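Each value in this text was obtained by applying a stated rule to the coordinates, not by laboratory testing. Nothing here was measured: the structure is a model prediction, and the numbers come from that model. Counting neighbours? That spans all protein chains shown, and the Cβs are built from the backbone with ideal geometry, glycine included.
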Amino acid sequence: MLNKKVEKALNDQIRTEAESSQTYLAMASWADAAGFPGTAGFLFAHSDEERMHMLKLIKFVNDRGGQAIIPALSQPAKDYKSLQNVFRLLNEHEERVTAEIHKVVDTCLREKDYTTHNFMQWYVAEQIEEESLARTILDKLKLLGTDNGAMYLFDRDLPGLRASQADGGGE
Ligand code: FEO
């Protein structure tokens, strides 16, 4: 049976992952409408990944005798100033997610729930990847500048950047 404090921390994390998925979906839709198909594809896939992070938590909570709560979500921003703006927000969002995950890990240790602590290590490792990818993208955007030609090239190359990170070629 899940300790109540741990169950609450996991349900808070379910909300965080759901909000991440929803936020990236909003960014993807903006990029799609703004004529950045590479960025849109990247963000649609990222939104799906966050949903997978949420589902993994839901399954874990229910399997351990708790109840996963599906949260109501507020509407994310629909307009973004630029690709730089999108990825700056994404990077800040991921840093917040990392802090939230660390809070869950903290609760596990305080409550001596070593099983959930072990489960959460997957999320700790995942955040290293996610933050690294977000920083790599931001660095690339800084190098490219903001003119239309640069944005075209960025959008064209973004799917490859994700693939190279997945192969361990990132950073
Ligand atoms: Fe599930 Fe991007 O954190």
So how far apart, in nm, are the two label points at LYS103 and ASP157 if each is 7 Å from Cα heading toward Cβ? 3.7
Correct response: the longest run of the chain lacking exposed trypsin sites (Lys or Arg not before Pro), defined by DSSP loop and at most 10 other Cβ within 10 Å, is 1-77
Hits among lysines - C-alpha to C-alpha of LYS142 under 24 Å, sequence gap 8 or more where chains match: LYS78, LYS81
Taking only Cα atoms, what is the 0 to 90° angle, nearest 10, from helix 37-63's long axis to the longest principal axis of the chain? 0
Calculated on alpha-carbon atoms, Rg and Dmax of segment 4-166 in Å: 17.0, 54
Report, ordered by chain and residue number, the lysines lying within cross-link reach of LYS5, taken as a straight Cα distance under 16 Å and ignoring same-chain residues fewer than 8 apart. LYS103, LYS112
Of all the C-alpha pairs in segment 32-118, what % are more than 20 Å from each other? 51
Helix 148-166 sits off the longest principal axis of the Cα atoms of the chain, rounded to the nearest 10 on a 0 to 90 degree scale, by 40
Using Cα springs under 10 Å in a Gaussian network model of the chain, which residue among ALA45, ALA68, ALA77 shows the largest mean-square fluctuation? ALA77
Report, in debye and to the nearest 20, how large the dipole of the chain comes out about its Cα centre when Lys and Arg carry +1 and Asp and Glu carry -1 on their Cβ. 460
Within a Gaussian network of the chain (alpha carbon springs, distance under 10 Å), most fluctuating of LEU158, LEU90, LEU109: LEU109
